[in-house]
Amino acid sequence: MKLSNRSILLFWAPLAATWLMMAAEGPFLAAVIARLADPKFNLAAHGVAFAFAILIEAPVIMLMSAATALVEDRTSYKKLRNFTNALNAGSTVALLVLLLPSVYVPLVEGVLGLPEAVADIGYGALWFYLPWPAAIGIRRFLQGVLIRSGRTRLVAYGTVVRLIAMASTALVLAMWTRMPGAWIGSASLAMGVIVEAVVSRWMARDAIRELLDTPCPPGGTSDLLTYRGISRFYSPLVLTSLIGLAVQPLLTFFMGRAASPIESLAVFPVVNSLAFVFRALGLSFQDASIALIGRQREHYAELSRFTTLLGLGSMAGLGAIAFTPLASVWFETISGLTPDLAAFAYVPTRLAVPVAGLSVLLSFQRAVLMQARTTRPITVATTLEVAVIGFAFVVGGWWLGLVGVTAAFAAFVAGRIVSTTYLVVAARSVRRNSVTR
């Protein structure tokens, strides 16, 4: 039975809503921070602390895709649950190590070269992220279980609760405390994911019960799934996350040494948050594609057609803001940037438009490879992307003297083009080999 665009849309829409709601967190918090004391330094510190937080969570970020691809019955559920708990513990310990002053200060002030004011505010903000990695790991694993069972609407409901918890925390802290804006941002994000993890466990109870009641047949794929096998499947995904999430700290380092460093560091999270709203459409499509493509990739053609439509729509949406007067409305009225800071945001936003479409294509190719349990090319593609980003920034930001945030997004576009092209070739090779076998 073929999938129609409508059936794909109905399955994917709750996941898209989930990612769009998560994407709304960044602009919302940036708008709150921009209206509090010392917005320039706090926006910069918020961006730095968040960059470290997502880098630390890299080992757990692909658990949703892993659960969607691997969890089939009682055996696979228990094995991946234990694997998840180990990753959560390791990520939390890594954040504690980073918070040691003997580690944090030389890294942020020495290696990254950030101003002392930004480093100090960022250190306090980073402490609020301590529960973040484990909460992210738990809820992503549970969301993968929900997607695998077809309960995508419950994933969206959990994110609604997360947004309410995050926004409520931010508004209460902003109105009733004198905490720095960056601290409010990190505390609000942490509260949101903690609440979402708890709610996800409650909503997944029926799906978990079904899995526990489903024994693995002797010699089945789950029976043959060992912890070493899980590690072999997941390790390239961890490396992909680590390398990919290293982009923001890397660009922070570069922007701190390029033209207009404070302005670039302040504007980067605001522009990145807006661009992420449209990149999120592609990111959400990855897990939907894994679940729908079929064991023999029998629904590849239908999903490929939907990928094209979604990519074009994503670019059109971001372009409608980036190239029209809506840009000033977004950055000055909604995000609360001063006109002089907003002026730094316009060109980077326009540069980010192609990335919205490329993210859809990239996610679909990743889904094809994960469904085939061939994850190594995903790591290679991400490595190429980061290498190109680093080289392109050096050329644009240091040799040509572009403003840091402009050079950052130009480099990001170049890297994404290279990585997506590589994955298209790799996925085509996997499909060809599976046909000839």
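Throughout, read-outs are computed from the coordinates displayed, never taken from laboratory work. Quantities reported herein were computed from a predicted structural model and do not represent experimental measurements. Ideal geometry is used to build each Cβ from the backbone, glycine not excepted, and the neighbour counts take in all protein chains shown.
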- Message: For the chain, set up a GNM with springs between Cα atoms under 10 Å and report which of THR169, THR308, THR324 has the largest fluctuation.
- Response: THR324
- May I ask which residue of LEU337, ILE243, VAL380 lies farthest towards the positive end of the charge dipole of the chain, with charges of +1 (Lys, Arg) and -1 (Asp, Glu) on Cβ and the Cα centre as origin? VAL380
- Around SER235, what is the net charge, scoring Lys/Arg as +1 and Asp/Glu as -1 over all other residues with Cβ under 12 Å from its Cβ? +3
- Between ASP340 and ILE164, the FRET efficiency computed from the C-beta separation at R0 = 35 Å comes out, to the nearest 0.05, as 0.55
- Mind sorting THR374, THR338, THR18 by how few other Cβ atoms lie within 10 Å of their own Cβ, fewest first? THR338, THR374, THR18
- For the chain, what is the calculated [θ] at 222 nm in deg cm²/dmol (nearest 500), taking -39500 (n - 2.57) for each run of four or more DSSP H residues and dividing by its residue count? -26000 deg cm²/dmol
- Around ALA291: net Lys/Arg minus Asp/Glu count, Cβ-Cβ under 14 Å: +2
- State, to one decimal in nm, how far the label point of THR421 lies from the label point of SER235, with both points 7 Å from Cα in the Cβ direction. 3.0 nm
- Task: Could you state the orientation-averaged shadow area of the convex hull built on the Cα atoms of the chain, in nm² to one decimal?
- Result: 20.1 nm²
- Item | Residues SER235, SER241, SER200 arranged by fewest to most Cβ contacts within 10 Å | SER235, SER241, SER200
- Item | Enclosed volume per residue, in Å³, of the convex hull spanned by Cα atoms of the stretch 134-200 | 65 Å³
- Note on the structure: Which of SER260, SER188, SER76 fluctuates most in a GNM of the chain (C-alpha springs under 10 Å)? That residue is SER260
- Query: In cubic angstrom, how much convex hull volume per residue do the alpha carbon atoms of the stretch 270-346 span?
  - Reply: 78 Å³
- What ranking of TRP330, TRP398, TRP176 emerges when the number of other C-beta atoms within 10 Å of each C-beta is taken as an exposure proxy, fewest first? TRP176, TRP398, TRP330
- Please go through the stretch 295-394 and write out the trypsin sites (Lys or Arg not before Pro) that DSSP classes as loop and that have at most 15 other C-beta atoms within 10 Å. ARG295, ARG373
- Query: the stretch 137-238: which trypsin sites (Lys or Arg not before Pro) are DSSP loop and have at most 10 other beta-carbon atoms within 10 angstrom?
  - Reply: ARG178
- Estimated translational D of the stretch 36-233 in µm²/s (Stokes, Kirkwood radius over Cα pairs; 25 °C; 0.890 mPa s): 135 µm²/s
- Query: Which stretch or stretches of the stretch 256-274 have amide N atoms under 20 Å from the point lying 7 Å from LEU326's Cα along the Cα→Cβ direction?
  - Reply: 270-274
- Cβ-based net charge around THR420, under 13 Å, with every Lys or Arg adding one and every Asp or Glu removing one: +3
- Message: Over the chain, with a Gaussian network built from C-alpha contacts below 10 Å, which listed residue (GLY122, GLY137, GLY294) shows the highest mean-square fluctuation?
- Response: GLY294
